Amino acid sequence: MTKKEQAEFDRLKHDLRVSRAWKLTDPVTPDIPVPAWEEGIKNGYLYNTYSLRIEKACTNSINHNYGGWDKTTTQQPRELYSTPVLALRAMRYEIERVCLEKLAKVDAMIEAELV
């Protein structure tokens, strides 16, 4: 395959990936609730939409930790996801919602200009 053909193939793969991403995701809610005081620490996963990362996490009835299993480091308990896949799906849903809100605002601006 020539460099030109390889570049075209890579562009087509990219275009296919982008077109497959154009779908609506079902909402995903955390499946590990905040534990009661006597339950101690629970482990699971959280996501960060800014860094596009999934990290192991833990929570108790008062605090949580993003990136660790054994001790809490940050105030406020958090509900967690039991698997990285659930956390990824929840992150995708949240990002999708933010993007759709922005698109709706742009659409409203376009409509206002056409009047």
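Values in this text are rule-based calculations from the coordinates and carry no lab data. What you are looking at is a predicted structure, and each value in this text was computed from that prediction instead of being measured. Virtual Cβ from ideal backbone geometry, glycine too; neighbours counted across all protein chains shown.
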**Q.** Folded to 0 to 90 degrees: helix 3-21 orientation relative to the chain principal axis, Cα
**A.** 50
**Q.** Top positive-direction residue, dipole computed over the chain with Cβ charges, set Leu12, Asn43, Val28
**A.** Leu12
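Percent relative contact order of the chain, based on C-alpha pairs within less than 8 angstrom and at least six residues apart? Intermediate results must be reported in sequence, preceding the final value.
Numbers: 166 pairs, mean separation 26.6, N = 115.
Relative contact order here is 23 percent.
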Q) Can you give the charge dipole size of the chain about its Cα centre, rounded to the nearest 20 debye, using +1 on the beta carbon of Lys and Arg and -1 on the beta carbon of Asp and Glu? A) 460
Q) In whole Hz, what ³J(HN,Hα) sequence does region 39-52 give by Karplus (6.51, -1.76, 1.60; θ = phi - 60°), x for Gly and Pro? A) 7, x, 8, 10, 10, x, 9, 10, 10, 10, 6, 6, 9, 6
Q. Which of the lysines could be linked to Lys42 by a straight reach, that is with a Cα gap under 16 Å, when you skip same-chain ones fewer than 8 residues away?
A. Lys56, Lys71
